[in-house]
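First the structure, in the form of structure tokens, and then the observations on it.
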Amino acid sequence: MDTALAVNANAHSTAQLRQVHTITDRFSMANTYVLNDERMVIVDPGSELNTRLTIEYIQRFLHRSLAEVDLIILTHLHPDHTAGIDALRRSIKAPVAASVVARQMAEAETQGNRLLPGITHRAGSVLPGAFHHLDILPPAYTSQVKLVNIWLNDVEGLPGHPNWRVIASPGHTPESLCLYNPFTYELLCGDTVISLEGGAPLVRGSTNRRQLEITLQTLRSLPIHYLYPGHGRPIISKFPLDTLEIER
């Protein structure tokens with residue numbers, strides 16, 4: 001982790017307009033996001049329904065062509081964040097990117113190590129009132145990595161989108177990542193942080209508490225005004241992580 005990601009965006013005379021658009025369906029409560037940059041990025045196409053809604057949103061509301069999408073990002077490889085990829089690829093020919101840690105997990109899986117010691121995802125209950133997800137078990141890495149064309153490393157810029165930085169955020173799963181823009185103060189956090197009913201942020205649990213604490217320390221070091229979780233409503237606040245709870 002590199003706290004140097006906490007770039008002083010105040011060095012710019014004016015902050016850029018925020019770029020993230022949220023697409024969700026009222027049934028799964030999973031969020032897909034569109035980064036409306038010079039070229040567009042789609043993050044977490046979690047279902048075929050979300051894929052259809054995303055395509056419609058790009059064309060009808062952003063008034064842009066699907067050919068302008070140049071990247072699809074997976075914040076982690078649970079199926080409720082990846083299940084819409086096949087449908088999306090029928091309309092959009094952009095490559096799919098995910099954390100390089102997923103490839104390492106797949107290699108360990110093929111060697112008979114389903115979970116690596118010390119960085120396992122905790123399969124357990126969710127706090128009362130939280131959303132129920134299809135994520136109580138680790139991703140099937142060997143099959144899921146076949147979806148991915150580009151591997152992302154911690155603190156790198158997104159290919160073709162240098163204002164967006166990759167932040168490794170292990171805890172919910174080993175390969176979890178966030179996307180951060182220091183010029184618009186926006187953080188897309190997948191299931192590393194979700195929002196509960198009423199808008200309270202919740203950090204997803206892990207058996208490795210030290211690792212979770214490092215992830216949280218890194219995220220709290222960033223100026224964030226717009227927090228976009230994988231599930232639940234976006235949070236608009238100058239200090240969105242100050243009131244978070246940690247899943248037990």
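Modelled spin labels at residue 209 and residue 86, positioned 7 Å past Cα toward Cβ, are 4.2 nm from each other.
Between the beta carbons of residue 245 and residue 61, assuming R0 = 35 Å, the FRET efficiency works out to 0.55 to the nearest 0.05.
Could you calculate the contour length gain from residue 39 to residue 200, that is, 0.36 nm times the residue separation minus the distance between their Cα atoms, to one decimal place in nm?
Values: separation 161, 0.36 × 161 = 57.96 nm, distance 3.21 nm.
Between residue 39 and residue 200, full extension yields an extra 54.7 nm.
The residues packed around residue 185, meaning those with a beta-carbon under 10 Å from its beta-carbon, carry a net charge of +1 if Lys and Arg are +1 and Asp and Glu are -1. The residues of region 149-223 have, on average, 31 Å² of accessible surface per residue, using a 1.4 Å probe with all protein chains present. With a Förster radius of 22 Å, plug the Cβ-Cβ distance of residue 53 and residue 142 into 1/(1 + (r/R0)^6) and report the FRET value to the nearest 0.05. With a Förster radius of 22 Å, E is 0.15.
The values are calculated or read from the model by the stated rules, or taken from the named source; none is laboratory data. For clarity, every value in this text was computed on a predicted model and none was experimentally measured. Here the Cβ is made from the backbone with ideal geometry for all residues, glycine too, and neighbour counts use every protein chain on show. Side chains are part of the model used for accessible areas, which takes the heavy atoms of the whole protein and leaves out ligands, DNA and RNA. Shrake-Rupley method; radii C 1.70, N 1.55, O 1.52, S 1.80 Å.
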